[in-house]
C-alpha cells in the first residue's frame, strides 16, 4: 500500500488541476479608415453587435493607442477565447471588419490558453 500512496496522491492532484486547451484570438482594428475619416463609436458598437456577437457570445474589447505605418492612431482591441475549430468565424470577423470599418489590415494574434475544466 505504501507504493500506491504516491500514485493515488498524483491522481488526486491531477483531477484537481485539469485544464482544457482553448485558443485566444486578439484582433487589432485601427480607427483610421483607409479612404479617410475615422471609425466612430457607433460604427464599432454596430460591428460588435451585428458581426461579433452572433459568432461568439462572449468576448472582451477595449480601446488602445498605437502606431501603424508610422502613424499614431486609436485602436480597438478585440479578444475572443474559444475552443479549437472556430478559425472560419474569426476569418469572417476580420473580413467583415475590413469591409465595414474600411480597414486595409487587421492584425490577428493567436495563442493557446488554458482554462480549468468545469467541475460539473
With the label point 7 Å along the Cα-to-beta-carbon line of residue 100 and a cut-off under 16 Å to each amide N, the hits in the stretch 48-87 are 48-62, 76-80
Fewest-first ordering of 61, 35 by Cβ atoms within 10 Å yields 35, 61
Once residue 92 and residue 63 are pulled to full extension, the length gained, defined as 0.36 nm per residue separation minus their Cα-Cα distance, is 8.3 nm
Here the relative contact order (percent) of the stretch 20-114, from C-alpha pairs under 8 Å and at least 6 apart, is 51 percent
Most exposed to least, judged by fewest other Cβ atoms within 10 Å, 19, 28 sort to 19, 28
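Where a number appears in this text, it was derived from the coordinates with a stated rule and is not lab data. Treat the numbers as computed from the prediction; the structure is a model and nothing was measured. Positions of Cβ are backbone-derived with ideal geometry, glycine not excepted, and every protein chain shown enters the neighbour counts.
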